[in-house]
Amino acid sequence: MSERRKQFPFLQFEPKWQRLWQERQTFHAPNPGEPGFDPTKPKFYVLDMFPYPSGEGLHVGHLEGYTATDIIARYKRMKGFNVLHPMGWDAFGLPAEQFAIKTGQHPSVATARNIERFKGQLKKIGFSYDWLREINTTDPGYYKWTQWIFLKLYNSWFDPEANAARPIAELLEKRNRDYPHESEEERLEFLNGQRLAYVAEAPVNWCPDLGTVLANEEVVDGKSEIGGFPVVRRPMRQWMLRITAYADRLLEELEGLDWQESIKALQRNWIGRSEGATVNFPVDGLEDLITVFTTRPDTLFGATYVVLAPEHPLVDRVTTKAQTPPVVAYRERIATKSDLERTDLAKEKTGVFTGGFAINPVNQERIPIWIADYVLMSYGTGAIMAVPGHDERDFQFAEKFGIYIRYVVEPPRSTEACFTGEGVAKNSRFLDGLPTPEAKRKMIDWLEKEGHGKRSITYKLRDWLFSRQRYWGEPFPIIWRDGKHQGLRESDLPVVPPPLDDYRPTGTIEPPLAKAREWITLSGGATRELNTMPQWAGSCWYFLRFASPHETNRFVNETAERYWMAGNESRKHRSGGVDLYVGGTEHAVLHLLYARFWHKLLYDLNYVSTIEPFQRLVNQGMILGQDNQKMSKSRGNVVTPDDIVEEYGADSLRLYEMFLGPLEATKPWSMSGVEGVYRFLARVWRLAMDEDQEGEWNLSPALASVDLNRKQLSIVHATIKKVSEDVESLSFNTAIAQMMIFVNEFTAAEIRPVEAVRTLLILLNPFAPHLSEELWWRLSFGFAGFEGMACEQRWPEWDDQFLAKDDLEIVIQVNGKLRDKITVRRDLENEELQRVALASVKVQEAARDKRVRKVIIVPNKLVNIVLE
RNA sequence: GCCGAUGUGGCGGAAUGGCAGACGCAACGGACUUAAAAUCCGUUGACCCGAAAGGGUCGUGCGGGUUCGAGUCCCGCCAUCGGCACCA
């Protein structure tokens, strides 16, 4: 098939234009103050989620989003915007390191090669990136600032009163004032407990095969997201980022963003805010209090037992001698289980009675304390009050172990064994008769008044486990002295990883950096932190770096940041950021949440001008293989862009990516669909070009500088309107359909007005830039009006006057059903229209023996005659 | 179980509450050709009546509703996909 003659010479002109764009720096966007910068133009920042340069190369799924943003970037330039459209590489990460271990080659070598490959592929598709702004997260000039931001996290605390991060120095001052006699040791401990980057001994997800810990988000079904290796929980000392401090802002500040509702929902879900109360249950015979969190304080009278998580610190204290053996045995059984096994057993509740009793503060009832693994130490307080009458899990547990069930909510209708909805309180003394929401409020007031508890909010979101025991990542700008950590000074950055020959995991929990003896040992007995940052770090702020990728004095140039991240004037104060951000749904939670978190820190500390990084977000859908299955090597249904470019040209690839269907939908690839758009482009080519006997392409003799007739004008203006509006709304598929209608129309014309072709080439330019440039250039030899490059032309405007027809077809309905069509003069008066419609033979037939009850008239569109 | 999408011809998909199926693919017929490919022109939701011209009925996952009029709005189901999942 590849031997077949091409329908137009894209193999020649596509590389030519790519070279010219490169040579002329056509798509370079100067910063404010730089030569060539035009301050009169508005700005537009359109960004792709930058890729991890894998060994596999790009596949057609990546390109869908990239094509969409490229069309927008080119369109906005033609509309007179200064457009920032950059690309870079998220190049730290596990796959490169795993590959390096396998091949014995340094990860930087494979990374550089993969980047070359990716870049080559992108250039062959003709994307209009400003390559002078290319960034790479593994470049010391870049990760210096990743480390710098980490130091900002390390040296900040979250002030709940300001609801914002503040420098830790301010806290230190305040502490010195409030506790002047505190020891140095105590003060340090206090500060360390407040930092947004802190060290904690916590149960973590340890993956022995990868030799690293993973964030909760990187563990799927008890296995590592990368590689699918088993993950076990074990306590380790780790760096954590206090993202939970920002939980409320991450939730609230989502509101002003132009994101799909579904993505906002995913984030809200992940943050998982629950309103309720904490309640203190005294332990019978001890001084201790068991604090539980509940969203249903109104059911406190129905609490007939208390459950602690097996790891709960109070378990040892409440357990009686007699119950110690089974409790110890149960805890051991749970501890050795992985999370996967623990959820596997979810169907059948397990647990053990501790022998201890708690006192229900509302009625002084003595209720048993159990431990069970259905209560998680990591959520809420790690303890619950069990209300089996109104909670499914508690009900199952109580049924199994024969614990008393008391019903305290009257359901609105039929009663089930366990009712979890809202109703009216009963068997609850001072709550009796109150609807659930009021009962909740009243109970919380009571708890607060009596000192037994208080209003409380809990989140599912956990602090972000931020260290990895790997080589190929950003080293922490942290040193250790006498068992205490210290942040480095800004002048010590970047911390460059040592040139290790052997960066394999050590086989223990010791990170590979431990092998670099000289590197880790510093003067004065200090040593370097051995962990590295997770892959997400570099992508948390790369969109800022693009504004001034070569700035050496600051993570981003201040003026450039203010310019490119500025909000639209119609928007509220402080909003703004990237004007359009496009990427896959797989990043809906992790990357987007992490990046928002870092951005808010930088905002709080006055380093950036907007509260949110990405004003508008669009998630492109997945592209499936021809067989409707997810594309994968093992299924053999992967489509490689290189093959398509070779066979049909980059423009065909771009156009097909967009013609498949709506950007956000999941849709299957189809090779004959590619042929379809290829044929369309060939028709565009032949609209202007003619092949002679020798097989040479010349300007078509049908082209002429003539005025357009009425119908042609109407099509041209309808196309300008449709394409402009559809590009704005990212409905690229229908924009292309309209251009196809245009081409079908003019292909049929014996004489083709050059002006129409000229307009088409401009409209088509963002979609098929090579073909558009080539024809533009060729036409310049025969006709006036083709100066410069097509991509530098002003986007055309449409005129409604050409869209309106003098005569139009009116639909005649009888009782809402289509019965006839009539052609009438435009803007015919309603009375006249009704008269004509009633006169229609079809209407006459239908209306025989019937009375006309009503006539609905939609001017210039339809008449509906309603009969008895 | 909860949250969020989606459901329209043989296929991908179009349709500010107003002609359902734009555009493309596939299929079929024709022109060009010695022939084929490519190209160009045309037909193509299903069913029914008619020799034909033409005409009719049904039709947007299912069941209701609102409306002169519903693919579109409302209520209740079903199915598929994605996310979360013992989160108190």
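The values are calculated or read from the model by the stated rules, or taken from the named source; none is laboratory data. Note that the coordinates shown come from a computational prediction; the quantities given were computed from them, not determined experimentally. Here Cβ is always computed from backbone atoms with ideal geometry, including for glycine, and neighbour counts include all displayed protein chains. Protein only, heavy atoms only, side chains kept; ligands, DNA and RNA dropped before computing areas. Shrake-Rupley method; radii C 1.70, N 1.55, O 1.52, S 1.80 Å.
Observations, loosely collected:
- The share of alpha-carbon pairs in segment A:715-865 lying farther apart than 26 Å comes to 47%.
- Cα-Cα over 30 Å, subset of A:K264/A:K633; A:K16/A:K144; A:K264/A:K630: A:K264/A:K633; A:K16/A:K144
- Solvent exposure ordering (accessible area, 1.4 Å, most first) of A:D284, A:D604: A:D284, A:D604
- Segment A:231-388 - share of DSSP beta bridges that are antiparallel (%, nearest 5): 85 percent
- Here, segment A:708-776 is characterised by an Rg to Rh ratio of 0.95, where Rg is the alpha-carbon radius of gyration and Rh the Kirkwood radius.
- Cut-off 20 Å (backbone N to label point 7 Å along Cα→Cβ of A:R268), residues of segment A:164-193: none
- Ellipsoid semi-axes for segment A:136-191, based on the Cα gyration tensor and the rule √(5λ), read 30, 14, 7 Å when sorted largest first.
- Sequence-separation-based contact order of chain A, relative, with Cα cut under 8 Å and 6+ spacing, percent: 13 percent
- The rule of thumb for compact globular proteins, 2.2 N^0.38 Å, goes into the C-alpha radius of gyration of segment A:615-681 1.15 times.
- Computed over the Cα atoms of chain A, the ratio of the radius of gyration to the Kirkwood radius (Rg/Rh) comes to 1.05.
- Antiparallel bridge percentage (DSSP; both residues within chain A; nearest 5): 75 percent
- Using a Förster distance of 51 Å, the FRET efficiency for A:N176-A:K449 (Cβ separation, nearest 0.05): 0.90
- P(r) weight above 21 Å for segment A:801-868, C-alpha pairs, percent: 21 percent
- For A:K43, the residues 5 or more places off, or on other chains, whose built amide H falls under 5 Å of its own are A:N82.
- Accessible surface computed residue by residue for chain A, with neighbouring protein chains in place and a 1.4 Å probe, gives 45 Å² per residue.
- Averaged over residues, the count of other Cβ atoms within 10 Å places the peptides A:806-818, A:770-782, A:428-440 in the sequence A:770-782, A:428-440, A:806-818, highest first.
- Cα-projected label distance for A:Q260 with A:I509, points at 7 Å along beta-carbon direction, nm: 4.1 nm
- Positive-end residue of A:A335, A:M789, A:T747, charge dipole of chain A with Cβ unit charges: A:A335
- Amide H contacts of A:L314 (H built 1.01 Å from N, in plane; Pro and chain starts excluded): no residue 5 or more places away or on another chain comes under 5 Å.
- Across A:K805/A:K861; A:K817/A:K842; A:K6/A:K124; A:K721/A:K805; A:K223/A:K349; A:K711/A:K817, pairs whose alpha-carbon gap is larger than 20 Å: A:K223/A:K349; A:K711/A:K817
- When nucleic acids and ligands are ignored and a 1.4 Å probe is applied, A:H485 ends up with an accessible area of around 30 Å².
- Kirkwood-based Rg to Rh ratio, segment A:21-160, C-alpha trace: 1.04
- Here A:W17 sits with roughly 10 square angstrom of accessible surface, probe radius 1.4 Å.
- If the Kirkwood radius is taken over C-alpha pairs of segment A:536-605, then at 20 °C and 1.002 mPa s the Stokes-Einstein diffusion coefficient equals 163 µm²/s.
- Peptides A:844-852, A:165-173 ordered by packing proxy, namely the average of other Cβ atoms within 10 Å per residue, highest first: A:165-173, A:844-852.
- Overall Cα dimensions of segment A:422-492 - principal axes, largest extent first, Å: 66, 27, 21
- Cβ-placed point charges (K, R +1; D, E -1), dipole of segment A:435-501 about Cα centre in debye, nearest 20: 420 debye
- Contact order relative to length of segment A:379-433, as percent, for alpha carbon pairs under 8 angstrom and 6 or more apart: 29 percent
- Distance violations [Cα-Cα > 28 Å] among A:K76/A:K123; A:K426/A:K449; A:K442/A:K600: A:K442/A:K600
- Share of Cα-Cα pairs in segment A:1-59 lying beyond 17 Å, as whole percent: 69 percent
- Computed FRET value (nearest 0.05) for A:R429 with A:R333, which takes r as the C-beta separation and R₀ as 41 Å: 0.50
- Solvent-accessible area of segment A:57-149 (1.4 angstrom probe, protein heavy atoms only): carbon and sulfur portion equals 57 percent.
- Residue-wise HN-Hα couplings along segment A:630-642, as the Karplus relation 6.51 cos²θ - 1.76 cosθ + 1.60 with θ = phi - 60° gives them from phi, are 4, 5, 7, 4, 5, 7, x, 10, 7, 9, 9, x, 4 Hz; Gly and Pro carry x.
- At 1.567 mPa s and 4 °C, Stokes D of segment A:134-250 from Kirkwood alpha-carbon radius, µm² per second: 77 µm²/s
- Percent carbon-and-sulfur accessible area, segment A:209-276, ignoring ligands, DNA and RNA, probe 1.4 Å: 49 percent
- Distant-in-sequence amide contacts of A:E410, defined by a placed amide H-H separation under 5 Å and a gap of 5 or more residues or a different chain, comprise A:V424, A:A425, A:K426.
- Share of carbon and sulfur in the accessible heavy-atom surface of segment A:469-567 [1.4 Å probe, %]: 49 percent
- From phi via Karplus (6.51, -1.76, 1.60), per-residue ³J(HN,Hα) for segment A:36-53 in Hz, x at Gly/Pro: x, 6, 10, x, 7, 8, x, 9, 9, 10, 10, 10, 9, 5, 5, x, 7, x
- Taking the charge dipole of chain A about its Cα centre, with +1 at Lys and Arg Cβ atoms and -1 at Asp and Glu Cβ atoms, the residue from A:T640, A:G525, A:Q844 reaching farthest to the positive side is A:Q844.
- For the pair A:E161 and A:E696 in one chain, pulling the backbone fully straight at 0.36 nm per residue adds 185.0 nm over the alpha carbon distance.
- log10 of Debye I(q)/I(0), alpha-carbon scatterers only, for segment A:649-750 at 0.17 Å⁻¹: -0.89
- Simple spin-label estimate for A:L132 and A:R679 in nanometres, 7 Å along Cα-Cβ: 4.4 nm
- Theoretical FRET efficiency, 1/(1+(r/R0)^6), r = Cβ-Cβ of A:S523 and A:E392, R0 51 Å, to 0.05: 0.25
- Protection proxy ranking, highest mean first, for peptides A:351-357, A:263-269: A:351-357, A:263-269, where packing is the per-residue count of other beta-carbon atoms within 10 Å, averaged.
- Using the rule -39500 (n - 2.57) for each DSSP H run of four or more residues, divided by the residues of chain A, the 222 nm mean residue ellipticity is -10500 deg cm²/dmol.
- For segment A:595-604, putting each phi into the Karplus relation 6.51 cos²θ - 1.76 cosθ + 1.60 with θ = phi - 60° gives couplings of 5, 5, 4, 4, 4, 5, 4, 4, 5, 4 Hz, in residue order, rounded to whole numbers and with x for Gly and Pro.
- Value of relative contact order over segment A:671-795, rounded to a whole percent, pairs C-alpha under 8 Å and six or more apart: 25 percent
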